[in-house]
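> Below is a structure I'd like to ask you about.
The values are calculated or read from the model by the stated rules, or taken from the named source; none is laboratory data. For clarity, every value in this text was computed on a predicted model and none was experimentally measured. Here the Cβ positions follow ideal geometry from the backbone for every residue, glycine too, while neighbour counts run over all protein chains shown. With ligands, DNA and RNA removed, areas are computed over all heavy atoms of the protein, side chains included. Shrake-Rupley method; radii C 1.70, N 1.55, O 1.52, S 1.80 Å.
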Amino acid sequence: MITVTTLGTGSGKPTPERNVSCTTVFRDGDLILFDCGEGTQVQLTHSQHRPGTIRLICITHFHGDHINGLPGLLGTLQLNQRTESLTLIGPEGLERYVRTLARLGVLGVGYPLEILEVKEAGVVYDCGDFAISAERLKHRIACWGYRMTEPDRPGRFDLEAARALGVPSGPLYGRLQRGESIELADGSVVRPEQVLGGARKGLSLAYCCDTQPCEGVGLLAQGVDLLVHEGTYAPDEGQIAHSRGHSTMADAARAARDNGVGRLIITHISPKYMRTDGFERQVREIFAATRIARDLDVFELAYTN
Ligand SMILES: [Zn+2]
Ligand SMILES: [Zn+2]
C-alpha cells in the first residue's frame, strides 16, 4: 500500500487553515516529499510520519512556497544525527542553492546528500522499487512535474501448488519465482505459471504543481492511479489563473478525466477561498473521483492484486 498525505495545501503563503506546498508519499518504509514549502517540518510533526524515513525530496520550482521549508528540514535531519544519504531532485540551480546555504553557515549537513538537477524530461531517478520521471510544466519560471512509477511485480508464489507438484523446498522455489522452468528428480517439468499468480501491477502517481494546462501534465498523468494537481483558482476563473501560470480546479478535473486517471487530489488552493465544498461539488461533475485536499488529509492507494 502507498499512503499519500497532503501536508500543505495552500498557495503563496501559510494561513491557519492551509500550510504551503508539500505532499508526501510513503511506501515500503520510505517517505518521499514532493515540494517542501515553509513549515513542512512542523506539518510533519502533526502527521504519522517521522523525518528519519525521508529518502527523497522532489522540488518542482524555486518559488518560495515550494522550497522555503527545505533548509529547516535538512537542518533538523542533521540535529537528529542522520547518517543515511538523502536524495534531492529539482531544477537546475538546486546544487548551488544548497551549497550556498552551507557556505553561509545556514546549513551544516554531515550526512551524504545526493543532488540530482533535472535538465531534460524523462527518468531522473530509478532505484528498482520505483522510478521518478519529470516533464516540463508551464509556469512563470522553470518548473518540473513528477511521476512516480512502480514496476509490475511477479505474481505471488503458491506454496500449496508447488508442494502438490512435488517441488522440494529450497533453491528450486527461487528459480520458479525468477520465471525459469525446472526439472524434478523424476524427470517431470514444472513451469513457473503452474506456481505463480498473475503479475501484480505496480502503482503510479503524478504531481503537477504549479502549472497552467499544458502537454507535460498529460504526459505525467497518463493512466496514473492518483493525480495530485494544483487548482489554485475557482473553476470559473480560467482567465486569471492562466495569466498567472496556474490552473483552475476545473482544469485539474479535466486533466484527470482526459488522461484516464484513477483518482484526483486538488491542492495549492489560493488563500482567498475560505470554503471549497461548493467547488468540490462543481468539479466532481467533470471528474467524480475528485477531492479538494485539506492539510494532513491521508489517502491510501492499494494494490489491486
Ligand atoms: Zn506555488
Ligand atoms: Zn509557483
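> Give me the angle, in degrees from 0 to 90, between the Cα long axis of helix 249-258 and the longest principal axis of the Cα atoms of the chain, rounded to the nearest 10.
30
> Please give the solvent-accessible surface of GLU17 in Å², to the nearest 10, using a probe radius of 1.4 Å with every protein chain present.
Using a 1.4 Å probe on the heavy atoms, I get roughly 110 Å².
> To check my understanding: the extent here is largest minus smallest coordinate of the Cα atoms along each principal axis. What are those three numbers for region 128-206, in Å, largest first?
70, 16, 16
> Contact order normalised by length for the chain, with contacts defined as Cα pairs under 8 Å and 6 or more residues apart; what percent is it? Each step should come with its number before you reach the end.
On the way: 698 pairs, mean separation 54.3, N = 305.
Relative contact order of the chain: 18 percent.
> Of GLY170, GLY179, GLY105, which is the most mobile in a GNM of the chain whose springs link Cα atoms less than 10 angstrom apart?
Maximum fluctuation in the GNM of the chain, among the listed residues, is at GLY170.
> In addition: Using a simple charge model, +1 on the beta-carbon of Lys and Arg, -1 on the beta-carbon of Asp and Glu, nothing else, what dipole does the chain show about its Cα centre, in debye to the nearest 20? Walk me through the intermediate numbers first.
Details: 32 positive and 37 negative charges, 93 e Å.
Computed about the Cα centre, the dipole is about 440 debye.
> To the nearest 10 degrees, how steep is helix 70-79 against the longest Cα principal axis of the chain, on a 0 to 90 scale?
60
> In terms of modelled amide H atoms, which long-range or inter-chain residues lie less than 5 Å from the amide H of LEU296?
HN-HN under 5 Å from LEU296: THR6, LEU7, GLY8.
> Now a separate question. When the accessible area of the chain is split by element with a 1.4 Å probe, what percent falls to carbon and sulfur? Walk me through the numbers on the way to the answer.
Values: 6720 of 13970 Å².
Of the solvent-accessible surface of the chain, carbon and sulfur hold 48 percent.
> Per residue, how much accessible area does the chain have with a 1.4 Å probe, in Å²?
Numbers: 13970 Å² over 305 residues.
That works out to 46 Å² for each residue.
> Next up: Sorted from largest down, give the three principal axis spans of the alpha carbons of the chain, whole angstrom values.
Cα extents, longest axis first: 74, 51, 35 Å.
> A follow-up question, please. Specify the inter-centroid distance of region 14-47 and region 67-124, based on alpha-carbon positions, in whole Å.
16
> Per-residue accessible area for VAL42 at 1.4 Å probe radius, Å² rounded to 10?
80
> May I pose another question? Provide the percentage of antiparallel DSSP beta bridges, counting only those with both residues in the chain; round to the nearest 5.
Counting only bridges with both partners in the chain, antiparallel ones make up about 55 percent.
> What number do you get for region 161-280 when its Cα radius of gyration is normalised by 2.2 N^0.38 Å, N = residues?
Numbers: Rg = 24.6 Å, N = 120, 2.2 N^0.38 = 13.6 Å.
Against the empirical 2.2 N^0.38 Å value, I get 1.82 for region 161-280.
> Could you name the lysines in cross-link range of LYS272, using Cα to Cα under 28 Å and dropping any fewer than eight places away on the same chain?
LYS13, LYS138
> Say the dipole of the chain comes from +1 at the beta carbon of Lys and Arg and -1 at that of Asp and Glu; which of ALA102, GLN222, LEU165 then lies farthest toward its positive end?
Positive-most Cα among the choices belongs to ALA102.
> State to the nearest 20 debye the size of the charge dipole of region 1-159 about its Cα centre, where the only charges are +1 on K and R beta carbons and -1 on D and E beta carbons.
440
> Let me ask something additional. Whole-Hz Karplus ³J(HN,Hα) for region 210-219, in order, using 6.51 cos²θ - 1.76 cosθ + 1.60 and θ = phi - 60°, x for Gly and Pro?
The phi angles translate into 9, 6, 8, x, 7, 4, x, 4, x, 5 Hz.
> For VAL217, VAL123, give me the order by solvent-accessible area with a 1.4 Å probe, most accessible first, ignoring ligands, DNA and RNA. Before the final figure, lay out the partial values.
Details: VAL217 5, VAL123 100 Å².
Sorted descending by solvent-accessible area, the residues read VAL123, VAL217.
> Could you order TYR233, TYR97 by accessible surface area, starting with the largest, using a probe radius of 1.4 Å? Please list the in-between numbers first.
Details: TYR233 15, TYR97 60 Å².
Putting TYR233, TYR97 in descending order of accessible area: TYR97, TYR233.
> Another question, if that's okay. Rounded to the nearest 10 Å², what accessible area does ARG294 have for a 1.4 Å probe in the complete protein model?
Result for ARG294: roughly 140 Å² accessible.
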